[in-house]
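Worksheet for the structure shown next.
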Amino acid sequence: MSKKGIGIIGTGSIVHTYVRCIEEIDAVEVVALYTRLPDRVKKVELEFGFPVYDNLEKFLALPQIDLVCVCNESGSHGQAIVKAAKSKKHVLCEKPLEVTLQKIDEAITTCEQNRVKLGCVFQNRCGEHFREVVNAVSKGKLGKLLMGNAHINWYRNAEYYAKKPWRGTLELDGGAAFMNQGIHTIDLLLHLFGEVKTVFGTVRTRVHDIEGEDVGSGILIFENGAIGNITAGTALYPGHPERLELYGEKGSILMKGGRIVDWNVMDVPGPDFGKENRIGSGAADPTAIGHQNHKKVILDMLGAIEEDRPPMVNGPEARKSVEVITALYKSSESQSIVFL
């Protein structure tokens, strides 16, 4: 693999994760960072030790940059992706790909027109425990899938939203508990169960002073006939590790905090993971999540560029979870079933 230069758009807390990952990968290096705030340039340069630009055009014109990692506010992802693609840079974007389907479609089309790769970071797909679940489902070990549940009943205090005023806004966060926190586990559910036929749900803002929801639930009907139940919140003290539950005609598998905690599949013994390190959960603290799965996503993206293949989660795949969450919001507003 030839050495690749990476540029990072955004200078928030998630950038520390990217820098740490990149430092552990011999085939890449950070070229520069971009912030839209001129008064942050010097501070960020001192914090990270890399050149920092406040002019996006000059940043994207750097010939050393092969891959742009988009890590700014969710509702600004689309604009960043489009500009990077037009500069002939490959793009790896934090979730969600964008907060509206229109912006996502524009990003996908622009990347296709400029022949650059577009990947989205859903790092929980890389977890060893989840890979075992994917293997069990793909090989039919659970038989016909009957029901899948995703529960992201987390907690964020008032300071979490006050510290970053864009959080919980409709314009830049696209909502709150579902679009920001819940989307990872919803992505896992969709990856296992496939296309969604209908969505019926409700969201509420009960505790926090935000535009988006801090509690909600939804019912999904999948194309394969299975039923899905999802709940999400950021007002559910003290915050519990996310859960993913699968039920099939031949058994069930339950995951908690990224780990398999219950395996009851007919005639199929559960996997033995030994005494591996626990996977961090963002139930109460978003910084508690480890960086190893992010590293796997970055390595996969580099491989996609080198081998000219689709990344692990490409644009159309990343669009699916946003489509379901958008439908849930629409269902809550109209108090009706939404057909996808």
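The values are calculated or read from the model by the stated rules, or taken from the named source; none is laboratory data. All of these numbers come straight from a predicted model, not from anything done at the bench. No Cβ is skipped: glycine too gets one built from the backbone with ideal geometry, and neighbour counts run over all protein chains shown. With ligands, DNA and RNA removed, areas are computed over all heavy atoms of the protein, side chains included. Shrake-Rupley method; radii C 1.70, N 1.55, O 1.52, S 1.80 Å.
Where the second residue is modelled with pLDDT under 95 and open to solvent by 10 Å² or more (accessible area, probe 1.4 Å) and the first is closer than 17 Å to residue 76 by Cβ and lies in the range 175-186, which pairs have Cβ atoms under 7 Å and are six or more apart or on separate chains?
So the pair list comes out empty.
Within the range 133-145, is there a residue that is closer than 26 Å to residue 69 by Cα and crowded, with 17+ Cβ neighbours inside 10 Å?
no
Enumerate the helices (runs of 4 or more DSSP H) found wholly within the range 1-81, keeping only those where 1 or more residues are more than 23 Å from the chain's Cα centre (by Cα) and of a type in the set (Asp, Glu).
So the answer is 41-48, 56-60.
Could you check the range 168-199 and list, in sequence order, the residues that are on the phi > 0 side of the Ramachandran plot and surrounded by fewer than 23 Cβ atoms within 10 Å (Cβ to Cβ)?
The one that is on the phi > 0 side of the Ramachandran plot and surrounded by fewer than 23 Cβ atoms within 10 Å (Cβ to Cβ): 194.
Which helices (runs of 4 or more DSSP H) sit wholly inside the range 89-166 and have at least 3 residues that are aromatic (Phe, Trp, Tyr) and in contact with a helix residue (DSSP H, G or I) (Cβ under 9 Å, 6 or more places away or on another chain)?
Passing ranges: none, list empty.
Going through the range 204-233 one residue at a time, which ones are open to solvent by less than 30 Å² (accessible area, probe 1.4 Å), within 25 Å of residue 254 (Cβ to Cβ) and either under 22 Å from the mean Cα position of the chain (by Cα) or free of Cβ contacts under 8 Å to residues at least 60 places away in the same chain (or both)?
Across the range 204-233, the qualifying residues are 216, 218, 220, 222, 228, 230, 232, 233.
(1) touching a Leu at 6+ places or on another chain (Cβ under 6 Å); (2) open to solvent by 20 Å² or more (accessible area, probe 1.4 Å): which one isn't true of residue 120, the others all being true?
(2)
So, in the range 18-51, how many residues would count as being in contact with a Ser or Thr (Cβ under 9 Å, 6 or more places away or on another chain) and buried (at least 21 other Cβ atoms within 10 Å of the Cβ)?
Number of matching residues: 3.
Quick one: how many residues across the range 305-326 are under 17 Å from residue 95 (Cβ atoms) and either free of Cβ contacts under 8 Å to residues at least 12 places away in the same chain or part of a helix (DSSP H, G or I) (or both)?
Within the range 305-326, residues that are under 17 Å from residue 95 (Cβ atoms) and either free of Cβ contacts under 8 Å to residues at least 12 places away in the same chain or part of a helix (DSSP H, G or I) (or both) number 12.
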